[in-house]
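The values are calculated or read from the model by the stated rules, or taken from the named source; none is laboratory data. Keep in mind that what you see is a predicted model, and the values were worked out from it rather than measured. Cβ coordinates were reconstructed from backbone atoms using ideal geometry, including for glycine residues, and neighbour counts include every protein chain displayed. Remember, those area values only see protein heavy atoms, side chains included, never the ligands or the DNA or RNA. Shrake-Rupley method; radii C 1.70, N 1.55, O 1.52, S 1.80 Å.
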Amino acid sequence: VLLVTRALFGVVVGLNLPTCASVLAEVTPKEQRGRNYVLVSTLFTVGEILAVVIAAALKVEEVGSERWRALLVWVSVPALIAFFVGIKWLDESPRYMLTKNAEKGLDIFRRMYRMNKKAELYISPQEKR
């Protein structure tokens, strides 16, 4: 069971960075995209290094050690916090919403433009299709 969940965790983490990059590309102003992507990539790397440091501090590799459970808790807490914060405050992707519900998608784009202090969003009749 532990091996399967570890493999699943690896797949999820591997898919997370490209997903974050796509969402950032959609919702971040053009001037801030590069800086924000570098920040997200750096935070991923820092998290990986921190996981190794915590595992070493807990001496998880000792034979017969039950400390792996503590490590599992340590890595689960930030993931759960991020999950619930994402559910509470993140909208669907604006481009996805345009395909499902054009008016709601346009509302999300307008709100993003207002938050970024841009001019009112103009969508041509051809783009509304």
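Listed values, structure above:
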read-out: Loop trypsin sites (Lys or Arg not before Pro), the range 1-109 (other Cβ atoms within 10 Å of the site Cβ: 15 or fewer; DSSP); value: K59, R67
read-out: Most positive-pole-ward Cα, I49, P94, S22, against dipole of the range 1-102 from beta carbon charges; value: P94
read-out: Diffusion constant of the range 25-109 at 4 °C, which comes from Stokes-Einstein with the Kirkwood Cα-pair radius and 1.567 mPa s, µm²/s; value: 80 µm²/s
read-out: Table column - 3J(HN,Hα) (Hz), the range 31-43, Karplus curve with 6.51, -1.76, 1.60, x for Gly and Pro; value: 5, 9, 4, x, 4, 5, 5, 4, 4, 5, 4, 5, 5
read-out: Accessible area of I54 in the full protein assembly, 1.4 Å probe (Å², nearest 10); value: 40 Å²
read-out: Heavy-atom accessible area order for W74, W89, W68, largest first, 1.4 Å probe; value: W89, W74, W68
read-out: Apportionment of accessible area to carbon and sulfur, the range 1-86, percent (1.4 Å); value: 75 percent
